[in-house]
Amino acid sequence: MTDFLFAIYPWVKSLHIMAVISWMAGLFYLPRLFVYHVEKAQAVEGAQQIFFEMEEKLMRVIMRPAMIVAWVCGLIMVFTPGIVGWDWSWPWVKGAAVIGMTWFHHWLMDRRKDLAEGRNKLTGRQYRMMNEVPTILMVVIVLAVVLKF
């Protein structure tokens, strides 16, 4: 099994990077869609439905599959012997930040549901502020992995 994991490691790592890029694109874009949805959609006939469809497809077609692939590939890399030393701090820092990123993903899912059901309580400004969460987590993850602190 170890030989197999070593053989596929470059492919898994490549797929992981591509999935993370796709997931992050969605995590950056969806809160911005929410801003425009909250601030502008009521002013244009039919815009609400267009926003609902855009948000739903972004979650279902891009973000959810990308998150799943990122997690699966990440776990495969974690279980590849010699890749991660659990006595180092960086895997723990990255892991905590990835869990935070996953929490944010699910928070966005809940906000999309609130918007679709007419229960939104957040303003465009609040969505703008939440749009910074994935940026902060991304910085922590990249620094942890590259600098291996």
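Rule-based calculations on the coordinates, nothing more; no lab input. Small disclaimer: the values here were computed from a predicted structure and weren't measured. Note that each Cβ is placed from the backbone with ideal geometry, even for glycine, and that neighbours are counted across all protein chains shown.
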Phi-based couplings in Hz for the stretch 74-85 (Karplus 6.51, -1.76, 1.60; Gly and Pro marked x): x, 5, 4, 5, 4, 8, 7, x, x, 7, 10, x
Residues His106, His16, sorted so that the one with the fewest Cβ neighbours within 10 Å comes first: His106, His16
Restraint check, Lys57/Lys113; Lys13/Lys57; Lys13/Lys148; Lys13/Lys94; Lys40/Lys113, Cα-Cα greater than 24 Å: Lys13/Lys57
Spatially proximal aspartates and glutamates relative to Lys121 (Cα-Cα < 16 Å; intrachain offsets below 8 disregarded): Glu39, Asp110
Cα coordinate range in the stretch 2-147, projected on the principal axes (Å, largest first): 59, 26, 19
Calculated from backbone phi, Karplus (6.51, -1.76, 1.60) coupling profile of the stretch 110-124 in Hz, x at Gly/Pro: 5, 5, 4, 5, 4, 4, 5, 9, x, 10, 4, 10, 9, 9, x
